[in-house]
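**Student:** For reference, the structure I am asking about is given below.
The values are calculated or read from the model by the stated rules, or taken from the named source; none is laboratory data. Everything numeric here is computed off the predicted structure, so don't read it as measured data. Cβ placement follows ideal geometry from the backbone for every residue including glycine, while neighbour counts extend to all protein chains displayed.
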Amino acid sequence: MSDIFREVDEDIRQEKYRRLWDRLGPWVIAIAVLIVVGTGGYRGWIYWQKGKSEAAGDVFYEAVRLSEAGDTAAAQAKLQELNGTTGGYPVLARMREASELALNGQKEEAIAAFDAIAKDGSVENALQDIAKLRAGFLAADTGDYAAVATRLEPMSGIGEPFRAGAREILALSAWKAGDMEAARKWISMIEEDTGTPSDISRRVAILSDVISADSGNAGETADSSEGTKQ
């Protein structure tokens, strides 16, 4: 008798599973198919993106090679090919184009190009900061300390990742503009910052020596003038 009850229970259980599968089976199959198709599609997209990135990298390095070989026109033409490509190469191409302008003596155009990158919200923060540094460095050649300070003072504060580079350019610009007080201020900030890279420390030490020498010569000239008058 117990065997009969077990068979009845088994039949009822199987009937429930069958009904459940009839109701949910198509959905389970559809989800499984979507997972397989989605995974394949995602992997295909990654492969496609990788291929495009590698192709863009080849174009960029060819542009650099042409530039180093002195063929500026061909280099710029190559860089133009990167407009609209994926990844970071379009921004790198813009940076390189701005550098090419500077190398060709078109400093104002180069500064404007770097400024445009620095203000572009779609560009990564680190690359924006690098563009600001490049623009500030080029602006330092013009002797306009205010123009350099406007770009780089916000990057010179404690905790800013590029503060050492910004302070170095600010010190150099102040010295070129004849503002020794500002130059000494930035040099002191660099010297007191334990996070300053060694190469920047060495260059700033040379600048500090030059300023000290100039100040000494100025003092000697003034003493000589007073002695002559007496």
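**Student:** Answer yes or no as to whether GLY105 is under 28 Å from LEU207 (Cα atoms), among the small types (Gly, Ala, Ser), at pLDDT 90 or above and out of contact with any Gly (no Cβ under 8 Å at 6 or more places or on another chain).
**Tutor:** In short, no.
**Student:** Of all residues in the stretch 104-149, count the ones that are closer than 21 Å to PRO161 by Cβ and assigned to a helix (DSSP H, G or I).
**Tutor:** 22
**Student:** Also, quick follow-up: Quick one: count up the residues across the stretch 150-162 that are farther than 25 Å from ARG96 by Cβ, in contact (Cβ under 8 Å) with a residue 24 or more places away in the chain and in a helix (DSSP H, G or I).
**Tutor:** Residues in the stretch 150-162 being farther than 25 Å from ARG96 by Cβ, in contact (Cβ under 8 Å) with a residue 24 or more places away in the chain and in a helix (DSSP H, G or I): 0 in total.
**Student:** From the set of residues in the stretch 188-209 that are among the small types (Gly, Ala, Ser) and part of a helix (DSSP H, G or I), which is surrounded by the most Cβ atoms within 10 Å (Cβ to Cβ)?
**Tutor:** SER208
**Student:** A further question follows. Could you tell me whether any residue of the stretch 163-171 is farther than 28 Å from VAL91 by Cα and either at pLDDT below 90 or not assigned by TED's automatic domain parsing to the domain that holds ARG96 (or both)?
**Tutor:** Scanning the stretch 163-171 turns up at least one residue that is farther than 28 Å from VAL91 by Cα and either at pLDDT below 90 or not assigned by TED's automatic domain parsing to the domain that holds ARG96 (or both).
**Student:** Let me ask something additional. Among the residues of the stretch 171-181, write down those that are touching a Phe, Trp or Tyr at 6+ places or on another chain (Cβ under 7 Å) and surrounded by fewer than 22 Cβ atoms within 10 Å (Cβ to Cβ).
**Tutor:** Looking only at the stretch 171-181, we keep the residues that are touching a Phe, Trp or Tyr at 6+ places or on another chain (Cβ under 7 Å), and these are 171, 173-174, 177, 179.
Correct list: ALA177, ASP179.
**Student:** Identify, please: which residue in the stretch 136-146 is more than 9 Å from LEU170 (Cα to Cα) and at pLDDT 90 or above and is, among those, surrounded by the most Cβ atoms within 10 Å (Cβ to Cβ)?
**Tutor:** ALA139
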